[in-house]
Amino acid sequence: MILVTGGAGYIGSHCVISLLEKKYDVVIFDNFSTGHKETVETLSNYGKVKLVEGDLNNYQDIKSVFENNKIDAVIHFAAFSQVAESVKNPQKYYLNNVCGTLNLLRAMLEFDVKKIVFSSTAATYGEPEYIPIDEKHNQNPINPYGQTKLFIEKIMDDYDKAYGLKSVRLRYFNVAGADEQIRIGEWHDNETHLIPNILKSTFGSGKTFQMFGEDYPTKDGTCVRDYINIEDLVNAHILALDYLNRGGETNFFNLGTNEGSTVKEVFSVCEEITGKNIPLEVKGRREGDPASLVADNSKAKSVLGWNPEKTLENSVDSAYKWESKLQNM
Ligand code: UDP
């Protein structure tokens with residue numbers, strides 16, 4: 001049985017559906033701070049999934065999951081993930097992300113569970129020294145969110161040396177899109193991400209899309225990001241689990257496409273896919289945004305056998321279909 005923390009959230013829920021389709025039994029542990037109960041109800045149509053509502057900051061909550069279930073491995077998504085918020089309220093991030101993970105690892109050690117796949121981030125690299133970014137790039141986060149994820153990576157290294165706990169840390173670039181069958185998708189009550197924000201502005205109740213900064217040293221002045229499709233991203237988690245089950249050593253991989261798109265290019269793809277002229281307002285730069293972030297994904301391809309296949313158009317298409325569904329929910 002696989003424990004998925006944060007399994008009611010965006011990336012976690014897509015991972016759960018994929019695990020269920022591969023006939024894994026799953027326990028979701030979630031405090032519903034950002035995830036949704038409706039998502040878990042949808043997931044329960046696709047296999048054996050159990051929900052435990054609890055908080056990683058409460059050790060007894062997470063300990064009880066290991067007491068009551070035979071957990072073989074953990075996939076750990078539960079975390080706060082908004083950069084700007086982490087700058088304003090670092091305590092919220094250190095307590096939740098770092099202390100919560102320490103409790104999870106403590107329970108794993110207590111119950112002798114020694115395999116974990118962890119959702120890390122490109123934000124652990126900080127301001128890029130070169131592009132594309134490979135895993136040898138220095139890790140110097142420039143915000144508390146990235147720091148929390150880097151601390152956890154380091155803690156995992158120490159726990160491997162001391163206790164033999166094996167981890168795979170997956171450093172995500174920009175995750176995009178929804179389940180191809182549109183059963184689930186990205187659902188944040190306070191959306192900050194580019195693609196859903198552009199798409200939301202195509203609906204009656206939506207706000208004008210705000211583009212943050214046009215004066216970056218990039219080909220059209222807007223930020224470059226590497227948009228990796230959610231289903232491709234989730235596949236890497238399944239491969240990482242297989243890798244650990246085969247006795248793989250602690251490791252870390254970038255998950256991206258090797259290709260960057262500017263905000264303006266993403267905006268054009270959204271206009272093309274929706275067939276709409278989308279209202280746009282150019283604003284100043286958003287604090288903490290590096291000009292370009294693009295992954296070198298060759299390590300995940302060669303070691304895990306990962307093969308991301310979907311394009312930005314695929315991601316925008318599924319995201320738009322999901323957003324249309326969400327508007328009517
Ligand atoms: N962005 C934007 N308007 C929005 C949301 C994002 O112009 O409403 C820009 C943001 O400044 C960045 C890029 O889109 O350059 C990707 O931002 P997102 O929040 O999706 O991901 P991040 O790169 O911060 O993880």
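FYI, it's all coordinate maths here, none of it is from the lab. On a predicted model such as this, the values are computed, not experimentally measured, just so you know. As a convention, Cβ positions derive from the backbone with ideal geometry for all residues, glycine included, and neighbour counts pool all protein chains shown.
General observations
- Angle between the chain longest axis and helix 59-68 axis [Cα atoms, degrees, rounded to 10]: 60 degrees
- Charge dipole of the chain about the Cα centre (unit charges at C-beta), most positive-ward option of 195, 185, 1: 1
- Length-normalised contact order for the stretch 107-248 - Cα pairs under 8 Å, 6+ apart - percent: 25 percent
- Put a plus charge on the Cβ of each Lys and Arg, a minus charge on the Cβ of each Asp and Glu, and nothing anywhere else: the dipole of the stretch 288-329 about its Cα centre is then about 180 debye.
- Loop-located trypsin sites (Lys or Arg not before Pro) in the stretch 174-208 (DSSP state not H, G, I, E or B) with no more than 14 neighbouring Cβ atoms inside 10 Å: 207.
- Counting DSSP beta bridges with both ends in the chain, the antiparallel % (nearest 5): 5 percent
- Between the listed residues 241, 36, 176, the Cα displaced farthest toward the positive end of the dipole of the chain, a dipole computed from Cβ unit charges relative to the Cα centre, is found at 241.
- Peptides 34-47, 292-305 ranked from most to least packed, by the mean per-residue count of other Cβ atoms within 10 Å: 292-305, 34-47.
- Backbone phi angles across the stretch 248-265, fed through the Karplus curve with coefficients 6.51, -1.76 and 1.60 (θ = phi - 60°), yield HN-Hα couplings of x, 6, 3, 7, 8, 9, 7, 10, x, 10, 6, 10, x, 10, 7, 4, 5, 5 Hz in residue order; Gly and Pro are listed as x.
- Put simply, when 243-252, 143-152, 256-265, 16-25 are sorted by average Cβ atoms within 10 angstrom per residue, most first, you get 143-152, 256-265, 16-25, 243-252.
- With the charge dipole of the stretch 112-249 set up from +1 on Lys and Arg Cβ and -1 on Asp and Glu Cβ about the Cα centre, the Cα lying farthest toward the positive end among the listed residues 152, 162, 208 is that of 162.
- Theoretical ellipticity at 222 nm over the chain - DSSP helices of four or more residues, -39500 (n - 2.57) apiece, nearest 500: -11000 deg cm²/dmol
- Histogram of C-alpha separations across the stretch 128-225, 5 Å bin width, %: 2, 8, 12, 16, 17, 16, 13, 8, 4, 2, 1, 0
- Sequence-distant residues sharing a close amide H with residue 255 (under 5 Å, placed H): 171, 172, 173
- The stretch 22-73 - Debye-derived log10 I(q)/I(0), Cα point model, q = 0.32 Å⁻¹: -1.26
- Stokes-Einstein diffusion coefficient of the stretch 174-241, Kirkwood radius over Cα pairs, 4 °C, 1.567 mPa s, in µm²/s: 91 µm²/s
- Values of log10 I(q)/I(0), in the order q = 0.14, 0.21 Å⁻¹, for the stretch 268-329 under a Debye, Cα-only, solvent-free model: -0.73, -1.04
- Using the Karplus relation 6.51 cos²θ - 1.76 cosθ + 1.60 with θ = phi - 60°, the per-residue 3J(HN,Hα) values for the stretch 123-137 come to 5, 6, 7, x, 5, x, 8, 7, 10, x, 8, 9, 6, 7, 4 Hz, with x marking Gly and Pro.
- Sequence-distant residues sharing a close amide H with residue 133 (under 5 Å, placed H): 294, 295, 296
- Rounded to 5, the percent of DSSP beta bridges in the stretch 180-320 classed as antiparallel: 25 percent
- Highest mean first, the peptides 161-172, 123-134 sorted by other C-beta atoms within 10 Å per residue fall in the order 161-172, 123-134.
- ³J(HN,Hα) computed for each position of the stretch 138-144 - Karplus, 6.51 cos²θ - 1.76 cosθ + 1.60, integer Hz, glycine/proline x: 4, 10, 9, x, 10, 8, x
- Given their separation in residues at 0.36 nm each and the Cα-Cα distance between them, residue 286 and residue 84 gain 71.9 nm when the chain is fully extended.
- Net length gained if the chain between residue 64 and residue 157 were fully extended (0.36 nm per residue, minus Cα distance): 30.9 nm
- Quick note on the chain: its Rg to Rh ratio, both from C-alpha atoms and Rh being the Kirkwood radius, is 0.95.
- Built amide H within the under 5 Å cut-off of residue 306, gap 5+: 301
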